[in-house]
Amino acid sequence: MSPKKDSKDTSFTLASLEKEASRRGARINKEFLNAFTFIKKTDKSVTFFGSTRVMPNSKHYKQARILAEKIVKKLGHSIVTGGGPGIMEAGNRGAKESGGVSIGFNIILPYEQSKNQYLTESLDFYYFFSRKVALYFSAEACVFFPGGFGTLDELFDLLTLVQTGKTTKMPIILIGKDYWDPLNTFIKKHLYNAHKFVDLTDMDLYTITDDLDEVIEIIRKAPIRRE
């Protein structure tokens, strides 16, 4: 039996890779330019993160909606979210129903994420990473409600950027002690005490609370990043 001939995968030739890199680079560049142009229109904002699966009757949805209302009425900040359902909807809803600016940075997916109905402005993104940059870059503070892999990815990405000085330090507020306290215990017990993978001061980068008035005061004291 004669040996099989090596099949040549023409989809990964040098020329095709260069062409694909050029195409993606242009798309990424355009996405960032669109995002920064959009962000320049907003003076002060707070970005909300959290699960798409949170339902309107849940306590975390209600917390997010009420907090957004307080931020708009007491501070005059815009509310920015990923534009979808769940916690994102709650934040946008609280902002819009209070007469504030309600922004959604929506991600384009194969099974398209539907925009929630409470947006006053929106911008679509193809890449998750450029969307994350926009969500962080536009914020005087970032508020994290309970969520899944995506929310945890966004949280630890932002913590890493602040920890390493790659982005400006800002308030990072985790709402929902029932959800975040066990994670905080894991960080203290394993990352810090057992392995020394983080410094004790790294745990000062975030605040865990259920006190919405405390959140308002933290945001009130935060520097305005685009003065």
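Data table
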| quantity | calculated |
| --- | --- |
| Selected from N184, N92, N106 as most flexible by GNM, with the chain as the system and alpha-carbon contacts under 10 Å | N184 |
| Residues with amide H under 5 Å from that of G82, placed H, sequence gap 5 or more | F105 |
| Aspartates and glutamates whose Cα lies under 20 Å from that of K19, excluding same-chain neighbours fewer than 8 positions away | D9, E31 |
| Principal axes of region 20-130: Cα extent on each, largest first, Å | 45, 31, 18 |
| Cα-based equivalent ellipsoid, region 35-98: semi-axes from gyration tensor eigenvalues, Å | 20, 14, 7 |
| Kirkwood hydrodynamic radius over Cα pairs of the chain, then Stokes diffusion coefficient at 4 °C and 1.567 mPa s, in µm²/s | 68 µm²/s |
| Selection of chymotrypsin sites (Phe, Trp or Tyr not before Pro), region 82-139, meeting DSSP coil and at most 13 other Cβ within 10 Å | Y111 |
| Cross-link pairs K169/K221; K41/K74; K44/K115; K41/K70; K40/K74 - those with Cα-Cα distance over 19 Å | K41/K74; K44/K115; K41/K70; K40/K74 |
| Within region 12-76, trypsin sites (Lys or Arg not before Pro) in DSSP loop having at most 14 other beta-carbon neighbours inside 10 Å | K40, K41, R53 |
| Using θ = phi - 60° and Karplus 6.51 cos²θ - 1.76 cosθ + 1.60, couplings along region 43-53 (whole Hz; Gly, Pro as x) | 6, 9, 8, 10, 9, 9, 10, x, 5, 6, 8 |
| Length-normalised contact order for the chain - Cα pairs under 8 Å, 6+ apart - percent | 19 percent |
| Summed residue charge, Cβ within 14 Å of D153's Cβ, Lys/Arg positive, Asp/Glu negative | 0 |
| Net charge of Cβ neighbours under 12 Å - reference D211; Lys, Arg +1; Asp, Glu -1 | -2 |
| Phi-based couplings in Hz for region 95-106 (Karplus 6.51, -1.76, 1.60; Gly and Pro marked x) | 5, 5, 5, 9, x, x, 7, 10, 10, x, 9, 7 |
| Estimated FRET transfer efficiency (L212, F38; beta-carbon r; R0 22 Å; 0.05) | 0.20 |
| Where GluC sites (Glu not before Pro) fall in DSSP loop in region 79-171, at most 16 other Cβ within 10 Å | E112 |
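All of the numbers you see were taken from the coordinates with simple rules; none came from a lab. This structure is a prediction, so every number in the text was calculated from the model and none was measured. Backbone-built Cβ (ideal geometry, glycine too); neighbour counts: all protein chains shown.
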